[in-house]
Amino acid sequence: MNRTLKRVLGLAGSVALGVAGAVTFASAAQAHHPEITGTAECVDGGWEVTWNVELVGPVDGKITEINPTDPAIDGNLQVDAVGKSFTGTQLYPASATEAHLEVSSVWYEGQDNQIDGEAAGHVVFDGTCSEEPPGDEPEVSASAVSDCLGLTVIVGNNNDTLAEITMTPSTGEPVTVTPAVGEPVTEFFAVEDPAAGLTVTVTTGETEVGVFTWNAESLTCEWGVVYDTCDGLEFELSVPETAAETTVTLTPSEGDEVVVVLEPGAEPEIVEFPATGDELTVSYVINDGKSEYTGEVPWTKPEGCEEAPAGESPTPAAQLPETGSSMTIMISAAAALVVAAAVLFFIARRRRAAADW
């Protein structure tokens, strides 16, 4: 049976980077894993990076290794610490451009059952951080993080002389805020046209603080293809060799939930959900260990799927022109992360002919 309607899970919209969420895993190794998120803020002329580490699992885990430990880590994020949630801060100079952290952990499920896990976190300092002490003039900081679906901009006032800060995207309306000292404001700007790209200019008064450009070249933003068939939805799931191991949880409106773990570069995994009537919706959660994407895919019954009368053979449907449409899905983000609290994720559709049913 030929597949008739092709939807590409593609690049458009917005996302939450490093969102921690509930995911059902298919094995003990996947049920035990560390998750790392990081934020950076310009404080007293230097970058203060806050790392949050969750040792996901039914029992407490133990941190066995942390790299790097220079700058020194302040907090309960330490080697040999036992528990499920840890926080640590590192202070980088204003001239630094990024921070990276790797954490290894272990869980003991019974005397002879040891489960190991590791994860990495990365924060890019895309803004400016003055080494000058606070003065009478407003001191404004700005940074940005690109993800698959948009650009997250973080702005803040760093002394008591507050200033209005305006973020102006190349597409869409500008946003003006006046953050309190020590309370940076995060704003997400969705990429409406990936081909055109996106820039966000940050200004205070007549002064340009910085111009930030969306860059998703180094990100993995493809997880496969969804097909509408006469019987329901068919997911063909895969990630490229450059991606991380990714867990996809699919929950149909009728039937049982399916969890698929995608290995980088492996053959596609095929999952089919039959429609028992005229309606079917499959919700999904995509988790690559750093980011989580959620949404749903509705089934649209293709043309030419009507049953042929007894004694007659089905007639192939005529060729359909390629068309496009989109579906908006809300994603919730953790408040402590460097990303927006609610953002958009789009799914692009393409259609093709049905024949030889």
Under the 0.36 nm per residue contour assumption, what length would be gained going from the current alpha-carbon distance of ILE270 and SER130 to full extension? 45.2 nm
Read phi for every residue in the stretch 168-184 and hand back ³J(HN,Hα) as whole Hz from Karplus 6.51 cos²θ - 1.76 cosθ + 1.60, θ = phi - 60°, with x for Gly and Pro. 10, x, 5, 9, x, 8, x, 10, 10, 9, 10, x, 6, 4, x, 10, x
Expected field for LYS84, accessible surface area in Å² at 1.4 Å probe radius, rounded to 10, holds 80
Sequence of PHE188, PHE86 from largest to smallest accessible area, 1.4 Å probe: PHE188, PHE86
Would you mind checking which residues have amide H under 5 Å from THR64's amide H? H placed 1.01 Å from N; only 5 or more apart, or other chain. ASP80, SER104, SER105, VAL106
Mind ranking GLU118, GLU257, GLU35, GLU164 by accessible surface for me, highest first, 1.4 Å probe? GLU118, GLU164, GLU257, GLU35
About its Cα centre, how strong a charge dipole does the stretch 64-174 have in debye, to the nearest 20, once Lys and Arg get +1 and Asp and Glu get -1 at the Cβ? 220
Which order, highest average first, do 275-287, 59-71, 146-158 follow once you tally other Cβ atoms within 10 Å for each residue and take the mean per peptide? 146-158, 275-287, 59-71
Output ³J(HN,Hα) for the stretch 193-205: one whole-Hz value per residue in order, computed from phi by the Karplus curve 6.51 cos²θ - 1.76 cosθ + 1.60 with θ = phi - 60°, and x for Gly and Pro. 9, x, 5, 7, x, 7, 10, 10, 9, 9, 9, 9, x
Derived scalar couplings ³J(HN,Hα) [the stretch 273-285; Karplus, 6.51 cos²θ - 1.76 cosθ + 1.60; whole Hz; x for Gly, Pro]: 10, x, 9, 8, x, 9, 10, 7, 9, 10, 7, 9, 10
Can you list the residues, at least 5 places off or on another chain, whose amide H is less than 5 Å from the amide H of GLY255, using H built in the peptide plane? none
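The values are calculated or read from the model by the stated rules, or taken from the named source; none is laboratory data. Because the structure is predicted, anything quoted here is derived from the model rather than measured. Using ideal geometry, Cβ is built from the backbone for each residue, glycine included, and neighbour counts are taken over all protein chains shown. Ligands, DNA and RNA are stripped out before the accessible areas are found, and what is left, the full protein with its side chains, is counted by its heavy atoms. Shrake-Rupley method; radii C 1.70, N 1.55, O 1.52, S 1.80 Å.
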